[in-house]
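Undergrad: This is the structure, below, for whatever I ask next.
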Amino acid sequence: MDVATNLGGAILSSTFSWLLSKLDSSGLSELLNSHKYVRKEVAKWRTLLPKIQVILEDAEQKQATNKLVKLFLGGLRELALDMEDILDELELDAKRKLIASPKASTSITQKLTPRWVKDREIASQIKSITTRLQHFGGEISTLDLINLAVNVEASSSKAVAERSLDSAMPEPRKVCGRESDKEKIFQMFDDEGNHEGYSVIPIVGMGGLGKTTLAGLVYYDDGKLKDYGFELKAWVCVSDVFDVAQITRVILQQVTRKKSDVDEITRVVLQQVTRKKSDVQDLFSLQEHLKKELSGKKFLLVLDDIWNEDYHSWDVLQRPFSDGAPGSKIIATTRNIFVAKTMRADDKVYNLDFLPEDECLSLFARHALDKENFDSHRELEGVGREIVERCRGLPLAVKVLGGLLRGKPNRQEWEDLLNRELCNLPEGQSGIYAVLKLSYNRLPPHLKRCFGFCAVFPKDYEFDKNELVLLWMAQGFLQQLSQEMKQMHDCGHQCFDILLSRSIFQPSIRDRSQFMMHDFISDLAQEVAGEICCSLDRLTLGDNKARHLSFAPREYDVLKRFEVLNEQKNLRTLLRLKWNNRHFSYPSLSNGVAVGILPKLKCLRVLSLCGVQKLPSSIGDLKHLRYINLSHSSIQSLPESVGSLLFLQTLILHDCEQLTRLPATIGNLIDLHYLDLTNTPSLTEIPLGVAKLRSLVLLTKFILGKADSGLRLKELKNLTGLQGQLSISNLHNLLDIEDAKDVKLHNMKLDDLSLEWASVCSDSQSKVKDFQVLECLKPGQRLERLTINCYCGEEFPSWIGDPSISQLKLLELRDCQNCTSLPSLGQLPQLKELIIKGSKAATLTGDSDKISSGNCFLSLEKLVLGDCCLLGKLPQELPSLKELLIVRCPQLTYSPVSLSSLQNLAIEECSEVVLRIMVDLSSLTDLKIFKISSLAFLPKKFLESMIALEVMCIDSCEELTCLWEEGANIANLAHLRQLSIRSCPLLTSVTAELKSLVQLSIWSCPNFKLFLSGQLPATLKNLIIERCENLESLPEGLMDDSNGDNMLQLEQLSLEDIATRNLFPSGLLPLDHMSSLSTLTYLEIDQVEGLESFPESGLGMPNLKYLGIYDCKNLRSLPNRMHNLTSLQSLSIVSCQRIESIPEGGLPTSLTYLDIGCENLKQPIKEWGLHRLTSLNSFNIGWICPLGDLLPTSLIVFGIFDLKNLKSLSRGLLQNLNSLQELLINDCPELQFLPKQGLPSSLGHLLIHNCPRLAQRLKEKQDDRRLIAHIPRVDID
């Protein structure tokens, strides 16, 4: 079916209704009627539009069998879009006049002749519209189209309008009928046992059967998972494209997301010791990181919706999984049994059966009647059972049909559905698709438009509710429901909730705050939208039917990708989708898109260019724009021409950290509804015009100006519709307390409020004023998050801590240094997170009786205390606390506090007494200690209850002489897997008797000499020893196989700046005696001056993937027979000045990353055999000149450094590198010229560092700048 035409019928009817209502709107109607010619043409429109509208339902039904009708609807669609554009032009003129004469009466035109009447082109377009309407009107009788229209739209619109504007999203429902399946999956866990590292359980079944639901039941049964000993879990929606790197990245993000953010504050996060370009950019590094996270831990991984049948891809993906603890499980959901065979799990398949009829009936009752059964609607049970029978056990079909009848407990309607529309449903997946089409057909027209637009999202895309509502508003889909911005926004949320209640949308299982569509529903949306909605990468030259276009960000979005947009003159949506890689900033976008292509897209309503570097002034010519999203961009300011975008409703600028200025013309944007300025730290002033924006619903930042300029607080009182998030800063600039009284924040629907003064002051007048101001700024009772920064008052108003603010979940008080006491925060019933920094309070709550009884902070899960110089004690019990960070709280005294639920603890720059006050740490898994004064060892009592501890990091404890007090029972540390010690100068030894240790890291401990108590545990995988100048010996078991069956099987070994003359006097690194290193995958040797050579036999490490050798000044040669290292992927040889040649036989052909920079390596590059490295994608080279022209064409990253005599890049050097994305040029002082023919069009990042002549030339020469103008990201230092 061609959706460009399927948008005919009901959707076109909705569009025509909107056009008619627009023609009759007060301001536009008067403008239209102000000229005789226009009035005459518009009168014809009013006559013809209803005549065409009433036959659209008949046309929609006939288009499948009549090609002429199909063409008729396609033409009508084009006409409707053109009419919308013309009316936009007219309304824009009305808005201009309203702004030019704000005091004008309703008759905004008065005697002025409209500009567009004088514009012959516009007049011609109006005449053309009339002619085309007349043509289509004449076609009605020719095509034998009749009036089948019913007033569905009017009734449905009324229904939406009558719904409460505060109607909430339906609560998640209990899953019906899959409990027994869940128990069988857990039984398979038992049957599989713990005999291998991990096993795969595929859940196989047709689409819509509930495979994802079943996997979710297992995934979210935390009680059962805890019983089975699972420590980590991750959920990945794989879908059609089996991208190994992306899947690995998502797994890594999820298994690390629960780690406390105290890592950043204490600065003791374990870091990968490598000089590779990025620690997570290539697949190898991603997998190495994932292996470390999974190592020795029992994990549950769900791979949802897999289609991949390529064994090699699966084999690569699964490599890190084997490092998990025995009994780890992977649940894979798929429709294809061959996927299970690919995963070598076809003998363990769980074939999901259809849902039993009784369970289907219960599920149907929940969705149709919001009841568990039919007890209260016995008259509907029979027909309900018949409807359910037609679903043939498919839960998705049951939910969709139930949602279709939701709120309609009328037997006649149910029978009509059964007898008219469900009588001939086909079997299987065709049947469920027919049910979905039926559900779509019964949507009111405005919801059909909303749903069809969702085809702009790719399959499995997770979208935000509010974001989608704003996009619907921008397209005009909600205007017929309400003309008022705020009400339109509320109606959009109600439309979303209706689609959610009908199971067209569903909450994401991975992130419950996001939503997605089932694959079948995505397919239906695409069918409904057809060519109108498209992905950029599916668009072809010559195809100009698309109206809504989306594209997923790439690491470097080069101009070539977007050239096809030059033909898309009628495009209405250009949407850059979310970037989900939290390890990297939002990818840059080629300037050519914004400067060269964007001005041509005159019909745009929606523009999302997250990550763009600058916005041209020509943006003001895109007069139809309603939505602009420039989040995560490096822009410093918006052009003043933005003020001419009079239709603009949404402006999103969050995370634009370099933004310093908004346009002074912003006050012209009278329709602006949503202004998101979250995390714009460089923005220090808000234009006065913001106070005129009476339609604003969201304004995240309000900055008070100084006495003689800028915004005043009282101007907030005019923005009565504000809701959601609001930050008010520079409150010290407030002069009149009456302004604070006028604001009445309690009348706004705020759930996140931040109040900020510039700095703490001590004069009494300011203290009194700040108290009065804060007292006046009391928010409403729905507040969930409150932040107060640099408040100068000596006490807090009573409303802070008042249990009446019952929804408060987060409270943050920063630098309120004049307050010597805090309110009764412990009685806030839902408070989950409390952050107090820079306080002089002695206790956390003013109610000492409640402290002593422990009856406070019952819901608190996270507590951060920093620079609380007088804080003397904590509550004696914090029963729900999971995270605790204490930084510089010197007065904490010995008063025991029970922390039975605590999982993450970080203590920084405190007295060692803090360690002694904590009892019952039986749930603690992560401990970080930084700069603890007088700490000689960890106390016995502190350690004795840490039976669950997994990670221990000790940093900069200068008096630490040993890890724990003599006599401490370290057998309790049976789960300790990661031990990191850094900058402890008095520490001389570490015990090796930690039986579960997986990673041991010792950094910058100059007096560290030896490992006590014999051999390292056989569980150890990663050993890092750096800057330990007096190390006398390596641990037993590393140098021989004396462990026998428990022989050490290291995977990572890193040695840096250690005294190898003491360890290996001969200068030979005795790897041939290290049989325990045969399992190594990662070896790094850095600044080991005593190292002169490797064993004659080479490296006996068949599994080695990464080898890095740095600053080994006496190393004379590289290992022999390197070409035999067939697993090696990454090789770095840097600053080894005695290396003169590459070993005979060349380099391993398996290399993907190569970094070579040795000043005396004189062997010509052509003799290195680079042409054989067909998998090489990243190559850095230094000291070697000339470079030659023999680079592998597979390169994606190419870097040159320390080429002191290089003056120009030769023409042939880069000409065949058609896949090159990054070019990095460092420390080439004589370099002046880039290739005259330019750089590859695929290039996304150019870095030029310490190349003064080239930098100067690019600054001064316009012709040279043209060579790099197409590159999205250019960094010149």
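The values are calculated or read from the model by the stated rules, or taken from the named source; none is laboratory data. The structure presented is a predicted model; accordingly, all values stated were derived computationally and were not measured. Note: ideal-geometry Cβ built from the backbone for every residue, glycine included; neighbour counts use all protein chains shown. Quick note on the areas: whole protein, heavy atoms, side chains included, nothing else; ligands and nucleic acids left out. Shrake-Rupley method; radii C 1.70, N 1.55, O 1.52, S 1.80 Å.
Undergrad: Got a sec? Which helices (runs of 4 or more DSSP H) wholly within the stretch 307-414 have at least 3 residues that are over 30 Å from Val241 (Cβ atoms) and open to solvent by less than 50 Å² (accessible area, probe 1.4 Å)?
TA: Counting at least 3 such residues, we get 357-369, 378-391, 395-404.
Undergrad: Out of (1) more than 22 Å from Gly1182 (Cβ to Cβ); (2) open to solvent by 50 Å² or more (accessible area, probe 1.4 Å); (3) of a type outside the set (Val, Ile, Thr), what's the single condition that is false for Asp1277?
TA: (1)
Undergrad: Of everything in the stretch 600-617 that's over 27 Å from the mean Cα position of the chain (by Cα) and open to solvent by 30 Å² or more (accessible area, probe 1.4 Å), which residue is farthest from Lys569 (Cα to Cα)?
TA: The qualifying residue farthest from Lys569 (Cα to Cα) is Ser617.
Undergrad: Could you list, in sequence order, the residues of the stretch 921-948 that are buried (at least 18 other Cβ atoms within 10 Å of the Cβ), more than 19 Å from Cys889 (Cα to Cα) and at pLDDT below 90?
TA: Those that are buried (at least 18 other Cβ atoms within 10 Å of the Cβ), more than 19 Å from Cys889 (Cα to Cα) and at pLDDT below 90: Leu943, Ser945.
Undergrad: Going through the stretch 738-784 one residue at a time, which ones are under 23 Å from Thr684 (Cα atoms) and open to solvent by 60 Å² or more (accessible area, probe 1.4 Å)?
TA: Scanning the stretch 738-784 gives Glu756, Ser759.
Undergrad: Could you list all residues from the stretch 1116-1138 that are assigned to a loop (DSSP other than H, G, I, E, B) and open to solvent by 60 Å² or more (accessible area, probe 1.4 Å)?
TA: Selection gives Arg1116, Arg1121, Thr1126, Gln1137, Arg1138.
Undergrad: Of (1) of a type outside the set (Phe, Trp, Tyr); (2) part of a helix (DSSP H, G or I); (3) in contact with a His (Cβ under 9 Å, 6 or more places away or on another chain), Gly667 satisfies all except one. Which?
TA: (3)
Undergrad: Right, something else. Can you tell me which residue among Ile635, Ile597 is part of a loop (DSSP other than H, G, I, E, B) and surrounded by fewer than 21 Cβ atoms within 10 Å (Cβ to Cβ)?
TA: Just one listed residue meets the conditions, Ile635.
Undergrad: Looking at the stretch 707-735, which of its residues are more than 26 Å from Ile652 (Cα to Cα) and open to solvent by 60 Å² or more (accessible area, probe 1.4 Å)?
TA: Residues satisfying the conditions are Ala707, Asp708, His732, Leu735.
Undergrad: Report, ordered by the first and then the second residue, all pairs with beta carbons closer than 8 Å, sequence separation of six or more or different chains, a first member in the stretch 697-714 that is of a type in the set (S, T, N, Q), and a second member that is open to solvent by less than 10 Å² (accessible area, probe 1.4 Å).
TA: Within 8 Å, the pairs are Thr700/Leu675; Thr700/Leu677; Thr700/Leu726.
Undergrad: Condition check: open to solvent by less than 50 Å² (accessible area, probe 1.4 Å), in contact with a Cys (Cβ under 8 Å, 6 or more places away or on another chain) and over 30 Å from Gly1169 (Cβ atoms). Does Pro1229 satisfy that?
TA: For Pro1229, the condition - open to solvent by less than 50 Å² (accessible area, probe 1.4 Å), in contact with a Cys (Cβ under 8 Å, 6 or more places away or on another chain) and over 30 Å from Gly1169 (Cβ atoms) - is met.
Undergrad: Name the single residue that is surrounded by the fewest Cβ atoms within 10 Å (Cβ to Cβ) among those in the stretch 549-594 being among the small types (Gly, Ala, Ser) and in a helix (DSSP H, G or I).
TA: That would be Gly592.
Undergrad: Counting only residues that are part of a loop (DSSP other than H, G, I, E, B) and under 24 Å from Lys749 (Cβ atoms), how many does the stretch 682-729 have?
TA: 12
Undergrad: Would you point out the residue of the stretch 1139-1158, among those that are part of a loop (DSSP other than H, G, I, E, B) and within 15 Å of Ser285 (Cβ to Cβ), that is farthest from the chain's Cα centre (by Cα)?
TA: Selected residue: Leu1151.
Undergrad: Additional query: Could you list all residues from the stretch 479-526 that are open to solvent by less than 30 Å² (accessible area, probe 1.4 Å), in a helix (DSSP H, G or I) and not hydrophobic (A, V, I, L, M, F, W, C)?
TA: Within the stretch 479-526, His489, Asp490, Gly492, Gln494, Asp497, Ser501, Asp519, Ser522 meet the criteria.
Undergrad: Follow-up. Do you know which of the residues in the stretch 1104-1115 that are modelled with pLDDT of 90 or more and open to solvent by 20 Å² or more (accessible area, probe 1.4 Å) is nearest to Arg319 (Cα to Cα)?
TA: Lys1105
Undergrad: A further question follows. Looking at (1) closer than 14 Å to Ile788 by Cβ; (2) touching a helix residue (DSSP H, G or I) at 6+ places or on another chain (Cβ under 8 Å); (3) at pLDDT below 90, find the lone condition where Leu731 falls short.
TA: Just one mismatch for Leu731, condition (3).
Undergrad: It is to be established whether one or more residues within the stretch 1177-1191 are at pLDDT 90 or above and surrounded by fewer than 19 Cβ atoms within 10 Å (Cβ to Cβ).
TA: Checking the stretch 1177-1191: not a single residue is at pLDDT 90 or above and surrounded by fewer than 19 Cβ atoms within 10 Å (Cβ to Cβ).
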